[in-house]
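Structure, as structure tokens:
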Amino acid sequence: MVKEISSEKPKILYIDDERPNLIAFRTMLHDTYEVLIALNTDEAFQLLKTQRIPLVVSDQRMPEITGVQFLEKVAREFPDTVRMLLTGYSDIDAVIEAVNRCQIFFYFKKPWNENEIRLVLSHALNAIEMKQKLIQSEQRFRHIFQNAGIGIAHLDMKGQILIANQRFLKITGIQNLESHQKPITECFEEVKFSNLEKLSTGEKSILSFESNVKNFPEIRRVKITISLSRDFNGNTDYFIALIDDLTEKRRTEEALQNIQRVETLGVLAGGIAHDFNNLLSAIYGNLEMAQLTCKSNDLSATASYISDSLSVFARTKDLVQQLSAFTKKGAPSKRPLSLVPLIKKFAHFILVGSNINIDYVFPENLWTCDVDENQICQVIGNIVLNARQAMNNNGKVVVTAENFSNHKKQVLSLSDKDYVLVKISDNGPGIPVEILPRIFDPFFTTKKEGTGLGLATTFTIMRKHDGLITVESEIRKGTTFSLFFPASKMKAKNVEDSQHEQFTCGAKILIIDDEENVRIVYENLLKSVGCKVETVSDANAAISLYKSRLNSSDRFDLVILDLISTGGIGGEETFTKLKLLDPNVSAIAASGSSNEPAISEPSKFGFSASLVKPFRKEELYEVIKNIYCKNN
């Protein structure tokens, strides 16, 4: 690191073999400079080696060596030193040659002129100071460049990487830039030459987009910003590329979102546990009464108690599905649903154990909406939980809903479509106006132990549903969140509607499930409506049986397989092997978890449909009927 010139007098070294000249030179400048003197080059070099001397003045005519030769040697050993020469007219050619070869900064002719010398020395020392500042500035910017938290690269007009910092090399996996002769288009999937041309022609002023890194061992997602640098004349010079690695950032955000889900789930679980125990009590009571009436041959009463148990069982299943709502992530898996039961169930669970009253105002003709049930439960849960915490477990929540047509663009940020508008209001303390614009920002929170992700997650879910969330708040009066859900053109499917339909089916079905009790239930339910059923407990037996029947009249029409197996290979791998035997195999994915990707989007994985356990017989029959009738 070059040190700055101190506030003390600048040092000058003057070399001359005549002592009177040395004394005269030092006397002339002693008021401004600290003049060191030497009678020969050996003394001069000794001083240069022991002290930092920014400027050297030498006489040209000396016995052992010329001033030009001496200063050339100084230039080699002390290149940062400014070198000047004193000479007579007869030496001018050699001096000019030395100036042209940049060996000396300036020369004076004898006899010297004091004013000229002072002026030149002042300019020379200013030049030294400017050079040192430039060096320091370059070092500072080089340090910033090399240690920046984002990748930075300079590209030529063909996209070739000229310079790159360590972060850029780490993100792209480039080991050595000198041996890497490929352009930036070979580093990132979304960077195209055509995009760079738009920058160079002025069609675009800046490019900003996300991309995956090419040829990287794992998926690495980055944000790329490329701009064009121009010289002082406005001519294109080079591209500057900034690379921000989003991979770790996304992982961190996802981890914090999971923390937020767990926090909400803790509140939710209390309400669900309360309702769950009540429902279990009802199931046990009805089954025990059915057992008693069966012993007394009162079959009508037995059937009634069993029917009541099944009704309670359906509500119990709903509770389990609500519990999984806060563990589901990713793109929404939409289907037409009525929002009313979702809102009532989830709001109730969140508020159990508090002193908060809740009122609902829903019209009878409320439109259905295309939504992901689990994600919308997250939305309702986050907002109601926010209200509960704001009111400190004591207050009132009002939930209203209405059909809303935006054909006159009353809400500019929404499309010209139909929506269901849900408003959730509380009478809490309200949100201060200065923080209201920030409540949907990730990680923004006013709570001591909050993550700041509840409302941010809600905002993201609504956006993924092509909907909108807005908020109004007034201090000491409360807050209202407005949710706009796109209305569906389809009627919500109600499994109960099909309970009274008579269903018979002659399909040949193979059941693959490692749980014997589940296989028995499948077999009994399907045989009762005319299906021919074979059950196996593992993948190898299933593949062998399916293969043996493939070219016979008893070939299977349909396969139902459990995705999660306690032994052997999983359901998806089994399905892949079955497709190798029979590319036209029809299969239903079954699982006790609704969060499995193949359950929420079965067609994406090649399945014909999916079933979430536990299921009612009507759900099973509906799926079988749809597939079997379609194939036959």
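The values are calculated or read from the model by the stated rules, or taken from the named source; none is laboratory data. Just so it is clear, the structure is predicted and the values come from calculations on it, not from any experiment. For neighbour counting, all protein chains shown are included, and Cβ atoms are generated from backbone atoms with ideal geometry for every residue, glycine included. Ligands, DNA and RNA are excluded from the accessible area calculation, which covers all protein heavy atoms including side chains. Shrake-Rupley method; radii C 1.70, N 1.55, O 1.52, S 1.80 Å.
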Q: Report the label-to-label distance for Glu516 and Ser200 in nanometres (one decimal), using points 7 Å from each Cα along the Cα→Cβ vector.
A: 7.4 nm
Q. Could the peptides 365-372, 67-74 be put in order, highest first, of the mean number of other beta-carbon atoms found within 10 Å of their residues?
A. 67-74, 365-372
Q | Estimated FRET transfer efficiency when R0 is 60 angstrom, pair Lys249-Lys9 (beta carbons, to 0.05) | A | 0.65
Q) Roughly how many nanometres apart are two label points built 7 Å out from the Cα toward the Cβ at Asn626 and Leu550? A) 2.9 nm
Q) Which order, highest average first, do 472-485, 573-586 follow once you tally other Cβ atoms within 10 Å for each residue and take the mean per peptide? A) 472-485, 573-586
Q) Once the Cβ-Cβ distance between Ser122 and Asp237 is put in as r, and R0 is 30 Å, what FRET efficiency do you end up with, to the nearest 0.05? A) 0.30
Q: Would you kindly find the accessible area of Arg167, with a 1.4 Å probe and non-protein molecules such as ligands, DNA and RNA excluded, rounding to the nearest 10 Å²?
A: 70 Å²
Q | Packing rank of 9-21, 375-387, 27-39, where each peptide gets the mean count of other beta carbons within 10 Å, highest leading | A | 375-387, 9-21, 27-39
(Q) Using a Cα-Cα cut-off of under 19 Å, which lysines could be cross-linked to Lys192, ignoring same-chain neighbours fewer than 8 residues away? (A) Lys158, Lys182, Lys204, Lys214, Lys223
Q: Would you list, by chain and number, the aspartates and glutamates whose Cα falls below 19 Å from the Cα of Lys133, excluding same-chain residues fewer than 8 positions away?
A: Glu4, Glu8, Asp80
Q: Could I have the simple spin-label model distance between Ala541 and Leu580, label points 7 Å from Cα toward Cβ, reported in nm to one decimal?
A: 2.2 nm
Q) Among the lysines, which fall within straight-line cross-link reach of Lys477, defined as a Cα-Cα distance under 25 Å, with same-chain neighbours fewer than 8 residues apart omitted? A) Lys344, Lys396, Lys423, Lys447, Lys448
Q) Once the piece of chain linking Ile65 and Lys182 is laid out straight, how much longer is it, given 0.36 nm per residue of separation minus the C-alpha distance between them? A) 36.8 nm
Q. What full-extension length gain, to one decimal in nm, is calculated for Ser300 and Glu472 as 0.36 nm per residue of separation minus the Cα-Cα distance?
A. 56.3 nm
Q: Take the Cβ-Cβ distance between Asn277 and Glu601 as r, set R0 to 35 Å, and report the resulting FRET efficiency rounded to the nearest 0.05.
A: 0.55
**Q.** Label-reachable residues, the stretch 59-89, where backbone N falls under 20 Å from a point 7 Å from Glu97's Cα toward its Cβ
**A.** 59-76, 83-89
Q) How long is the gain from Met490 to His348 if the chain were fully straight, where each residue apart is worth 0.36 nm and the alpha carbon distance is subtracted? A) 48.4 nm
